[in-house]
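Structure, as structure tokens:
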Amino acid sequence: MGRFDGKVVIVTGAARGQGEAEARMFAAEGAKVVLADVLDAEGEAAAADIGAAARFVHLDVSDEGQWADAVAAAVQHGGTGGLDVLVNNAAILRPAAIEDTSLADYMGVININQVGCFLGMKAVMPAMRDSGGGAIVNISSIDGIGSKNGLISYTASKFAIRGMTKTAAMEWGRFGIRVNSVHPGGVNTVMGNPMAMKEAETFPYQNQAIQRIGEPEEIAGAVAFLASDDAAYVTGTELVVDGGWLAGRLEPGLPGTNLQQSAWGYNG
């Protein structure tokens with residue numbers, strides 16, 4: 001028996017990368033999964049490869065009308081009359097200094113990352129409430145807890161997701177709906193490693209506890225836990241999955257590390 005036998009799940013941004021890994025994990029554990037994305041060809045291919053448990057729907061997460069259609073498609077696909085899990089995974093990133101960020105570029109990120117998350121939660125809530133409860137997992141980031149230079153719009157959106165998660169958890173706990181956020185560090189996807197460089201999988205992470213980039217399946221495992229009955233008493237919380245990035249920094253030359261400072265950076 002899978003943890004999600006008989007469950008109906010929507011994953012946004014599921015045509016590739018982290019969202020696809022999440023969708024595959026839910027399907028492997030028995031769920032009927034709707035992969036939602038604007039990348040139609042890739043999404044259709046991913047759903048077909050997963051098999052009969054999966055269906056693709058076109059979804060611009062910033063469009064409220066398309067959310068209504070996606071929820072209806074998920075309920076129909078599940079065949080149970082209900083909806084059990086939403087993973088708000090879709091996101092974009094447009095790095096730029098504050099002074100170089102136009103309002104249009106800023107709002108483009110906010111509309112997908114932040115408004116999309118709000119619309120998704122609002123859209124699924126009636127179906128979850130009517131079926132006796134469910135779980136929403138919102139994908140934030142370590143940049144929703146701290147930040148980096150050049151990420152004004154991304155950081156703003158990810159901090160907002162962190163806060164909205166807590167508000168929804170408080171409002172909807174009475175309906176049996178749990179809402180939590182996941183905060184990944186670097187992940188080996190098109191967003192996290194756009195050039196698919198082997199060096200990018202290790203070098204930027206040499207001063208964190210686990211000295212490598214995260215894999216999409218590792219984030220999917222954390223998402224699946226929060227969506228499952230194993231987390232039945234967990235709501236309004238933040239699960240950081242970052243290899244220890246936020247825990248602190250390994251300093252070369254100090255006890256407890258094999259890192260040495262060199263002209264090229266950190267060498268293990």
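The values are calculated or read from the model by the stated rules, or taken from the named source; none is laboratory data. Small disclaimer: the values here were computed from a predicted structure and weren't measured. Note: ideal-geometry Cβ built from the backbone for every residue, glycine included; neighbour counts use all protein chains shown. Ligands, DNA and RNA are stripped out before the accessible areas are found, and what is left, the full protein with its side chains, is counted by its heavy atoms. Shrake-Rupley method; radii C 1.70, N 1.55, O 1.52, S 1.80 Å.
Charges were assigned to the Cβ only: +1 to each Lys and Arg, -1 to each Asp and Glu. The resulting dipole of region 141-268 about its Cα centre is roughly 360 debye.
Computed over protein heavy atoms with a 1.4 Å probe, the accessible surface of region 7-151 works out to 40 Å² per residue. Tell me whether region 1-111 comes out rounded, prolate or oblate; compute the Cα gyration tensor, take square roots of the eigenvalues as a ≥ b ≥ c, and use a/c under 1.5 as the rounded threshold. Cα axes put region 1-111 in the prolate bin. Report note on the peptides 81-89, 61-69: ranked by the mean count of other C-beta atoms within 10 Å, highest first, their order is 81-89, 61-69. For ALA54, what charge total do you get from the other residues with a beta carbon under 9 Å from its beta carbon, if Lys and Arg give +1 and Asp and Glu give -1? After counting each charged neighbour, the total is +2.
Think of the chain as a dipole: +1 on every Lys or Arg Cβ, -1 on every Asp or Glu Cβ, centred on the Cα centre; then among GLN206, TRP172, ALA15, TRP172 lies furthest on the positive end. On the principal axes of its alpha-carbon atoms, region 158-221 has extents of 47, 20, 20 Å, going from largest to smallest. At a 1.4 Å probe, what is the % contribution of carbon and sulfur to the accessible area of the chain? Summing carbon and sulfur atoms, their accessible area is 56 percent of the total for the chain.
Taking each DSSP H run with n ≥ 4 as -39500 (n - 2.57) and averaging over every residue of the chain yields -11000 deg cm²/dmol at 222 nm. Look at [x] 1, 5, 10, 13, 14, 15, 14, 11, 7, 4, 2, 1, 1, 0, 0; [y] 1, 6, 13, 17, 19, 16, 11, 7, 5, 3, 1, 0, 0; [z] 1, 6, 13, 16, 16, 13, 10, 8, 6, 4, 2, 2, 1, 1, 1, 0, 0: the one that is P(r) over Cα pairs in 5 Å bins from 0, in percent derived from this structure is [y]. With contacts taken as Cα pairs under 8 Å and at least 6 residues apart, the chain reaches a relative contact order of 17 percent.
Compute the long axis of helix 116-130 from its Cα atoms, compare it with the longest principal axis of the Cα atoms of the chain, and write down the angle in degrees, 0 to 90, nearest 10. The helix 116-130 is inclined about 40 degrees to the chain. Tally the DSSP beta bridges in region 6-149 and give the antiparallel ones as a percent, rounded to 5. If we restrict to bridges inside region 6-149, about 0 percent are antiparallel. Taking the Cα centre of the chain as origin and assigning +1 to Lys and Arg Cβ atoms and -1 to Asp and Glu Cβ atoms, the resulting dipole is close to 580 debye.
Considering only LEU35, LEU250, LEU103, the mean-square fluctuation computed in a Gaussian network model of the chain, springs between alpha carbons under 10 angstrom, is largest for LEU103. What is the Cα centroid distance between region 184-241 and region 18-92, reported in whole angstrom? Taking the Cα centre of region 18-92 as reference, the centre of region 184-241 is 21 Å away.
With contacts taken as Cα pairs under 8 Å at a separation of at least 6 residues, region 1-134 carries a relative contact order of 25 percent. For the pair LEU103 and GLU199, a Förster radius of 25 Å applied to the C-beta separation gives a FRET efficiency near 0.10, rounded to the nearest 0.05.
The H on the amide N of VAL179, modeled in the peptide plane, is under 5 Å from the matching H of ILE136, GLY236, each at least 5 residues off or on a different chain.
Count Lys and Arg as plus one, Asp and Glu as minus one, and take only other residues whose Cβ is under 15 Å from that of GLN114; the net charge is then 0. Across region 131-139, computed HN-Hα scalar couplings (Karplus, 6.51 cos²θ - 1.76 cosθ + 1.60, θ = phi - 60°) run 9, x, x, x, 9, 10, 10, 9, 8 Hz from first to last residue, x flagging Gly and Pro.
Candidates GLN76, ASN193, VAL137 compared by Cα position along the dipole of the chain: farthest toward the positive end lies VAL137, with charges placed on Cβ. Magnitude of the charge dipole for region 121-167, about its Cα centre and with charges confined to Cβ atoms of Lys, Arg (+1) and Asp, Glu (-1), is about 100 debye. Where both bridge residues fall in the chain, DSSP classifies roughly 10% of the beta bridges as antiparallel.
Applying the Karplus relation 6.51 cos²θ - 1.76 cosθ + 1.60 with θ = phi - 60° to region 9-23 yields 3J(HN,Hα) values of 10, 10, 10, 8, x, 9, 6, 7, x, 4, x, 5, 4, 5, 4 Hz, where x marks Gly and Pro.
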